[in-house]
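First the structure, in the form of structure tokens, and then the observations on it.
The values are calculated or read from the model by the stated rules, or taken from the named source; none is laboratory data. Note that this is a predicted model, so its numbers are computed, not measured. Every residue, glycine as well, gets a Cβ built from its backbone with ideal geometry; the counts of neighbours run over all protein chains shown. Ligands, DNA and RNA are stripped out before the accessible areas are found, and what is left, the full protein with its side chains, is counted by its heavy atoms. Shrake-Rupley method; radii C 1.70, N 1.55, O 1.52, S 1.80 Å.
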Amino acid sequence: MEPIEHTVGLVAQLTGISVRTLHHYDEVGLLRPSGRSATGYRLYSNTDLERLQRILFYRELDLGLDDIASVLNDPNLSDEDHLRRQHDLLRERIARHRAMVALIDKELAARKAGIALTPAERLEVFGGDRLIDSADEAERRWGHTPEFAQRRERTAHYSKQDWLDIRTEQREIHQGLADAMHAGTPADDQTVMELAERQRLHLERWFHDCDYDTHRRLAEEYRANRRLGLNYDDMASGLSRYIHDAILANCRHREGH
């Protein structure tokens, strides 16, 4: 016969739950002790402790006491069935937590990028999270620059409509450059240089001060195919180099070189 040797106080100490909780589990029939001492104190067997372990595990997974009782009292469920159920519930919780971490990461990245929009608004404006995903890289590369600080300060106050206007302007400029490239128009053609100037003024209006030296530095980033250059080449192969050449030609033209 299995010894009944664990007092309610010892069980509470071993499991970290209160004596009052153990009394409640007894009262509702969830965990009845297998015996009583001569003075009437509850005594728990090892089998009782195994049941308590399952109860605590299911409680950790947010099951209610009635649901736990129903599961534990089901005669068709073996110990292995309980382990599989707990395994599945844990995997579901892990998946939920990972999804929550991913959402928090997106929010932190959006704040780094200076985008004060809700996730739904970001999806509507940007059509995805590519811009947000690149925020860490942008901060690593340019976080020490005054342009980055200025950009973040400005964009932190932009509304959804501001961002929609920005995206519309960007698409018009970039599509114009892509069309010119496909048409074989030289990068130093007057019409192409006008588009490069529009891009510079767009950056200066919406994001940060952008004189011709700054625009040249950005052009080098495009040519190196970093981040924005990748976006341009997604639109049309070779567009990042074409925009680079157009910007440099426009800078020389505007400065009279």
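Miscellaneous remarks
- Its relative contact order, with pairs defined as Cα atoms under 8 Å and 6+ residues apart, puts region 187-257 at 42 percent.
- Close amide H pairs (under 5 Å, H built 1.01 Å from N) link T7 with Y44, residues at least 5 positions away or on another chain.
- In the context of the full protein assembly, R154 retains an accessible surface of approximately 60 Å², using a probe radius of 1.4 Å and ignoring ligands and nucleic acids.
- Förster radius 41 Å - calculated FRET efficiency between H97 and D165 (Cβ-Cβ, nearest 0.05): 0.60
- Karplus 3J(HN,Hα) series, Hz, for region 7-18 with 6.51 cos²θ - 1.76 cosθ + 1.60 (x for Gly, Pro): 6, 4, x, 5, 4, 4, 5, 5, 9, x, 9, 7
- Applying 1/(1 + (r/R0)^6) with R0 = 35 Å to the Cβ-Cβ distance of A156 and A183 gives a FRET efficiency near 0.35.
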